[in-house]
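A.B. asks: I have a structure here, written as C-alpha cells, and I will follow up with some questions on it.
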Amino acid sequence: MKSCLLALLCLFLFSCNNEPSLQKYFVENSESSDFIAIDLGSSVINTEKMTLSKEDKEALQSFEKMNVIAFKKDSLNDKKYTTESEKVKSLLKSDKYQELMRMGSGSNGGAVYFVGEEEDIDEFVLFANGKDTGFAVVRILGNNMNPNHIMNLMNLMREADVDLEQLKPLKGFVK
C-alpha cells in the first residue's frame, strides 16, 4: 500500500508542469493591484430576447468562458508595464499559440492567437496593447470553436443584453 501511495505521489510531482503559461500568468497576477482580472461565463451574453441562427447557436454552444486580465498603465508603473507586456508577448511566442491576425502597430495594436486546429479550437487569445493605457489579454475558452464562432460571439455580444455588472471592474480602463 505504501509503495502504491509513493508511486502516485511521484507521478503527481513529476507530471506537474513548471513551464510558464498564460494560465499561470493569469493566476499569478489576478490579485495584483496593477492588474484588473475578471472571469466571465457564457451567461454574460443574454440572448433570451433574440432570434438566433443555427450558426449563432453553434457559437454559443462552443463557448465556455472568458478570462480577462488588464494592466492599467500610469506614470508610476511604466517600467513594470514594459516588463509585464514583454512577459505576455514571450508567452504568446510559444509553439502552442498560432497567430490568426494582427492589427495596429507594435505599441498601439493587438493580435489574435488560437490553440488547437483551425476547425477544433480550444482557446482564442486576444492581446491588445496601448502605449498610454496599458494592455489586456482576453482568453476565450471553449470546445470545437472556429474563427466563425468567434465572429458570431462578438456580434452577439454587440446585439445581446450583456450583463454589464460582470464587466464593471474594467470600467475606466477602456476609453
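The values are calculated or read from the model by the stated rules, or taken from the named source; none is laboratory data. Since this is a predicted model, take the numbers as computed values, not measurements. So basically every Cβ, Gly included, is an ideal-geometry build from the backbone, and we count neighbours across all protein chains shown. These accessible areas exclude ligands, DNA and RNA; they are computed on the full protein's heavy atoms, side chains included. Shrake-Rupley method; radii C 1.70, N 1.55, O 1.52, S 1.80 Å.
Yes or no, residue by residue, for (1) touching a residue at least 12 places away in the same chain (Cβ under 8 Å); (2) touching a Ser or Thr at 6+ places or on another chain (Cβ under 9 Å):
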position	(1), (2)
34	yes, no
40	yes, no
51	no, no
55	yes, no
63	yes, yes
72	yes, yes
89	yes, no
93	no, no
97	yes, no
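A.B. asks: Which of the residues that make up segment 99-139 are farther than 28 Å from residue 78 by Cα and either small (Gly, Ala, Ser) or touching a residue at least 40 places away in the same chain (Cβ under 8 Å) (or both)?
C.D. replies: Result: 100, 116.
A.B. asks: Count, please, the residues in segment 31-57 that happen to be assigned to a helix (DSSP H, G or I), open to solvent by 50 Å² or more (accessible area, probe 1.4 Å) and touching a strand residue (DSSP E or B) at 6+ places or on another chain (Cβ under 9 Å).
C.D. replies: 1
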